[in-house]
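Right, one structure below, let's go through it.
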Amino acid sequence: MGVVTRAQSKRLRSQQSGSESDIEESPPRGGREAGGPDLISLLPDEILGSIISLLTNKEGARTQILSSRWRPLWRSAPLNLDASGLCGMKEAVVSRILAEHQGIVRRFRVWPFNLDADSATLDSWLRSPVLDNLQELGFSFYPFVWPGPLMPHSALRFSSTLRIAKFSGCQFPDDAGHQLHLPNLQQLELGSVIISEDSLHTLLAGCPALDKFVFGYIHEPPRRPQMPPSALHFPSTLRVAEFGGCRFPKTMDHQVHFPNLEQLVLESVSISEGSLHAMLSGCPALNNLRLGYSSGFCQFRINSLKLKHVEIYFADRLHELIVENAPCLERLDHCGAYEDNMHISIISAPKLEILGRLTDNFSILELGTTVFKGLNDVRISTVMRTVKVLALRFYKLRPDVIFNFMKCFPCLEKLYIKTHGDTGYPTQSHKDRSECLEHHLKKLWINYSACKWSDIQFVKFIVLNACVLESLVLNVEKHKKESSRYVKKERKRLQLSRRASRGAQIEFTSDDCFKEFPSPDPISCGSFHTGAF
């Protein structure tokens with residue numbers, strides 16, 4: 001390596017300084033004023049158009065102000081015209097966009113306030129040439145107007161390209177049977193529509209690729225309308241089905257078979273006990289079930305080889321909830337206004353992890369061979385080590401009962417307790433070793449009242465004995481949560497400085513106790529909101 005003289009070093013520094021000056025004085029590329037070249041603007045129009053198509057209507061239109069490079073792109077990019085979320089997008093705005101847009105439209109959704117109950121306006125929009133290759137169509141008239149306006153025939157001209165169709169608050173034309181073949185349709189939602197039995201049968205038979213089907217009513221007639229029998233004759237490809245606001249036929253065809261159905265939601269439906277169990281027995285692949293405020297049955301039995309998640313929110317009195325054989329069941333969540341003298345029996349659920357929301361109103365609770373006859377007569381003969389999350393809804397805090405549950409579920413990691421009563425019961429001394437408190441309980445969320453001696457003693461006991469506790473959430477009134485003086489006083493009273501788990505985080509909240517209760521996957525827990533695209 002050669003020796004660099006002082007003169008050579010000086011010339012080198014001068015050249016480098018000049019190079020940096022040239023870089024600083026050169027105009028920025030891509031219209032950017034600082035921060036390096038604008039590489040995104042260098043992409044081809046096709047890619048930029050795809051990026052714009054992923055944005056909302058408002059955000060996509062605003063890309064025109066970025067630079068002259070972006071200005072013409074929005075008018076020619078593939079458009080997802082969704083007017084359902086923009087209250088200000090009236091008829092004139094939608095018409096102008098359809099008239100001026102130079103590219104294709106992939107999605108077209110309009111809401112009742114866009115239509116003003118005028119099917120003629122919708123018909124003129126649907127005849128626009130830019131919608132020729134439409135993949136997703138959704139429109140809703142006011143669902144509480146019965147019967148709704150006639151669906152324009154132009155809505156069915158996209159039968160060869162549609163992948164998603166959502167129709168609400170309208171009547172299907174009786175002479176459109178030849179247009180009801182949709183070979184590529186994957187998702188179909190019909191809410192508060194009037195459709196003949198023959199047309200519905202033809203429609204479902206003409207959707208060989210259907211993956212999700214939603215059918216129901218959201219208006220409020222004197223009584224729930226009966227669901228057309230053809231609504232249960234969907235193709236074997238279907239994986240997700242939702243029914244809402246209707247009465248199931250009293251005698252269902254026991255030969256109906258849904259071989260690939262994985263998700264089933266029955267929301268505010270009336271269905272007999274026999275029909276319900278017959279329907280479930282015809283779903284061998286079912287793994288997610290939601291019964292939302294449905295009625296017509298007093299007993300519900302779970303006997304399924306693949307069912308993983310079950311949610312039951314019942315409106316009428318449910319006398320018996322029995323899990324006979326559910327080898328894959330992981331979550332069982334039930335809740336209702338009438339739970340007095342309810343008999344709950346979990347006979348076989350070897351993988352059950354999440355259980356709720358048990359109340360103090362049951363008559364008999366059988367967990368394997370462990371039996372709770374009310375709250376005072378308990379015989380713990382076996383334990384369920386798989387249960388990790390438990391939710392309890394008690395009128396009054398019952399610490400002794402809670403500790404019995406901890407014995408029954410020794411590997412419990414999360415415990416949610418909601419109480420409503422004005423007084424509680426004193427906590428007895430529990431000197432016996434608790435595996436749950438020493439090795440597993442990580443989170444406790446409980447309604448807390450500093451005026452109740454039982455609440456204070458119970459929470460204090462948990463703080464002093466839960467060795468691996470990570471989070472203690474105390475639900476209090478909002479004004480108390482916001483009072484630093486109250487929080488400081490209660491932290492001292494509960495002896496939080498002496499907590500067994502030094503890493504435990506203590507939080508005061510005014511949120512509902514079950515807000516953080518673990519929920520299943522979104523596809524399995526959506527309630528029926530037909531028309532809410």
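The values are calculated or read from the model by the stated rules, or taken from the named source; none is laboratory data. If you're wondering where the values come from, they're calculated on a predicted model, not measured in any experiment. Neighbour counts are summed over all protein chains in view; Cβ atoms, including those assigned to glycine, are modelled from backbone coordinates with ideal geometry. Accessible surface is based on the protein model in full, side chains and every heavy atom, while ligands, DNA and RNA are left aside. Shrake-Rupley method; radii C 1.70, N 1.55, O 1.52, S 1.80 Å.
Observations on the model:
- Leading residue by the ranking (modelled with the lowest pLDDT) among those in region 186-230 that are in contact with a Cys (Cβ under 9 Å, 6 or more places away or on another chain), more than 21 Å from Glu136 (Cβ to Cβ) and among the hydrophobic types (A, V, I, L, M, F, W, C): Met227
- Residue in region 420-448 that is modelled with the lowest pLDDT, counting only those that are among the acidic types (Asp, Glu) and either farther than 25 Å from Arg385 by Cβ or within 35 Å of the chain's Cα centre (by Cα) (or both): Asp422
- Of the candidates Leu305, Leu280, the single residue that is touching a residue at least 24 places away in the same chain (Cβ under 8 Å) and out of contact with any helix residue (DSSP H, G or I) (no Cβ under 9 Å at 6 or more places or on another chain) is Leu280.
Condition check ((1) closer than 24 Å to Thr237 by Cα; (2) open to solvent by less than 30 Å² (accessible area, probe 1.4 Å)) across all residues:
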| position | (1), (2) |
| --- | --- |
| Pro259 | yes, no |
| Leu266 | yes, yes |
| Gly274 | no, no |
| Leu280 | yes, no |
| Leu286 | yes, yes |
| Ser295 | no, yes |
| Phe300 | no, yes |
| Lys308 | yes, no |
| Tyr313 | no, yes |
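- Scanning region 462-481 for residues that are charged (D, E, K, R) and either out of contact with any Phe, Trp or Tyr (no Cβ under 9 Å at 6 or more places or on another chain) or touching a residue at least 60 places away in the same chain (Cβ under 8 Å) (or both) gives Glu470, Glu477, Lys478.
- Ser381 passes every criterion in (1) assigned to a loop (DSSP other than H, G, I, E, B); (2) within 21 Å of Ser275 (Cβ to Cβ) apart from (2).
- Ile322 passes every criterion in (1) surrounded by fewer than 21 Cβ atoms within 10 Å (Cβ to Cβ); (2) among the aliphatic types (A, V, I, L, M); (3) closer than 17 Å to Phe234 by Cβ apart from (3).
- Taking each residue of region 435-451 that is under 16 Å from Glu490 (Cα atoms) and looking for partners that are open to solvent by less than 40 Å² (accessible area, probe 1.4 Å) and acidic (Asp, Glu) with beta-carbon atoms closer than 7 Å, six or more apart or interchain, yields Tyr448/Asp455; Ser449/Asp455; Ala450/Glu490.
- Residue-level check: of (1) over 21 Å from Leu190 (Cβ atoms); (2) at pLDDT below 90, Pro249 misses just (1).
- Flag not set for Leu131, criterion: under 33 Å from the mean Cα position of the chain (by Cα) and within 23 Å of Phe213 (Cβ to Cβ).
The rows are residues; the columns are (1) surrounded by 15 or more Cβ atoms within 10 Å (Cβ to Cβ); (2) outside any helix (DSSP H, G or I).
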| residue | (1), (2) |
| --- | --- |
| His439 | no, no |
| Ser449 | yes, yes |
| Asp455 | yes, no |
| Ile462 | yes, no |
| Leu469 | yes, yes |
| Lys480 | yes, no |
| Tyr486 | yes, no |
| Lys489 | no, no |
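Residue-by-condition table, conditions (1) open to solvent by less than 50 Å² (accessible area, probe 1.4 Å); (2) in contact with a Ser or Thr (Cβ under 8 Å, 6 or more places away or on another chain); (3) in a loop (DSSP other than H, G, I, E, B); (4) of a type outside the set (Val, Ile, Thr):
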| position | (1), (2), (3), (4) |
| --- | --- |
| Ser124 | no, yes, no, yes |
| Gly138 | yes, yes, no, yes |
| Tyr142 | no, no, yes, yes |
| Asp175 | no, no, yes, yes |
| Leu182 | yes, yes, yes, yes |
| Leu200 | yes, yes, no, yes |
| Cys207 | yes, no, yes, yes |
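- Meets criteria (of a type in the set (Asp, Glu), at pLDDT 90 or above and either over 30 Å from Phe394 (Cα atoms) or out of contact with any Phe, Trp or Tyr (no Cβ under 6 Å at 6 or more places or on another chain) (or both)) for Glu267: no
- Residues (open to solvent by less than 60 Å² (accessible area, probe 1.4 Å) and more than 31 Å from the chain's Cα centre (by Cα)) located in region 184-198: Ser196
- Against the numbered list (1) under 17 Å from Ser230 (Cα atoms); (2) in contact (Cβ under 8 Å) with a residue 40 or more places away in the chain; (3) part of a loop (DSSP other than H, G, I, E, B); (4) not polar (S, T, N, Q), Leu190 comes up short only at (3).
- Subset of region 370-393 (residues that are within 24 Å of Lys308 (Cβ to Cβ), open to solvent by 50 Å² or more (accessible area, probe 1.4 Å) and polar (S, T, N, Q)): Thr382
- Any hit, region 336-347, residues being among the hydrophobic types (A, V, I, L, M, F, W, C), open to solvent by 50 Å² or more (accessible area, probe 1.4 Å), outside any strand (DSSP E or B) and modelled with pLDDT under 90: yes
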